[in-house]
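One structure coming up, written as structure tokens, with questions to follow.
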Ligand code: PNS
């Protein structure tokens, strides 16, 4: 069975992330979306909220599972008996960062392979941080995130 892990902060999941998950789910027998628990950084959404939002957004993709993890990604990969990391690439800035990360993960565990998937150009300018910034200034994010995320953001802003 080919298991791919798609790690990230997903604060929140965007249409760009969702596109990568859907494409990966057609290639691998199982895709694990791994949400990083970062204790040093208070997110916009909690880890549980992020997981729930991803789970709702991927409904119908039966070979995709969502879990949270802390510590090193390579240790998580070992625990899940997975060898493949999927990362989306939007542009050359992503490439620089992701390439370095892929080399470091390879150094930490030579059995792990990082596969980079070019983002659909339609989503190449979308990032979770841009979404958070637009929201903080009262802008519209409908086009950039799944519907359930848009609703959850609006509810959070109301409260
Ligand atoms: O969505 P992000 O914030 O770009 O995701 C980054 C993530 C979670 C993929 C990366 O920070 C990560 O793998 N963190 C776990 C710690 C680790 O293994 N780092 C790599 C060695 S430096």
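Any read-out appearing in this document is the output of simple, stated calculations on the displayed coordinates, not a laboratory observation. Keep in mind that this is a model prediction, so the values were computed, not measured. Using ideal geometry, Cβ is built from the backbone for each residue, glycine included, and neighbour counts are taken over all protein chains shown.
Helix-only mean residue ellipticity at 222 nm, the chain, DSSP H runs n ≥ 4 weighted -39,500 (n - 2.57), per residue, nearest 500. What is it?
Calculated mean residue ellipticity at 222 nm is -13500 deg cm²/dmol.
Next up: Exposure proxy check: 132, 59, 39 ranked by fewest other beta carbons within 10 Å?
Neighbour counts put them in this order, fewest first: 39, 59, 132.
Further question: Can you compute the radius of gyration and Dmax for the chain, using only the Cα atoms, both in Å?
Cα radius of gyration and Dmax of the chain are 15.4, 47 Å respectively.
Continuing with the same structure: Fewest first, what order do 79, 65 take by the number of other Cβ atoms within 10 Å?
In order of increasing Cβ crowding within 10 Å: 79, 65.
Follow-up. Would you mind ranking 93, 114 by Cβ crowding within 10 Å, fewest neighbours first?
Sorted ascending by nearby Cβ count, the order is 93, 114.
So, one more: Please give the direction-averaged projected area of the C-alpha convex hull for the stretch 1-57, in square nanometres with one decimal.
The Cα convex hull of the stretch 1-57, projected and averaged over all directions, gives 4.0 nm².
By how many nm would the segment from residue 49 to residue 120 lengthen if fully extended, with 0.36 nm per residue of separation less the alpha-carbon distance?
23.0 nm
Next question, about the same structure. log10 I(q)/I(0), Debye, Cα-only the stretch 86-159, no solvent, q = 0.18 Å⁻¹?
Values, matching the q order: -0.80.
So, one more: Hey, could you get me the Stokes-Einstein D for the stretch 52-131, Kirkwood radius over alpha-carbon pairs, 37 °C and 0.692 mPa s, rounded to whole µm² s⁻¹?
227
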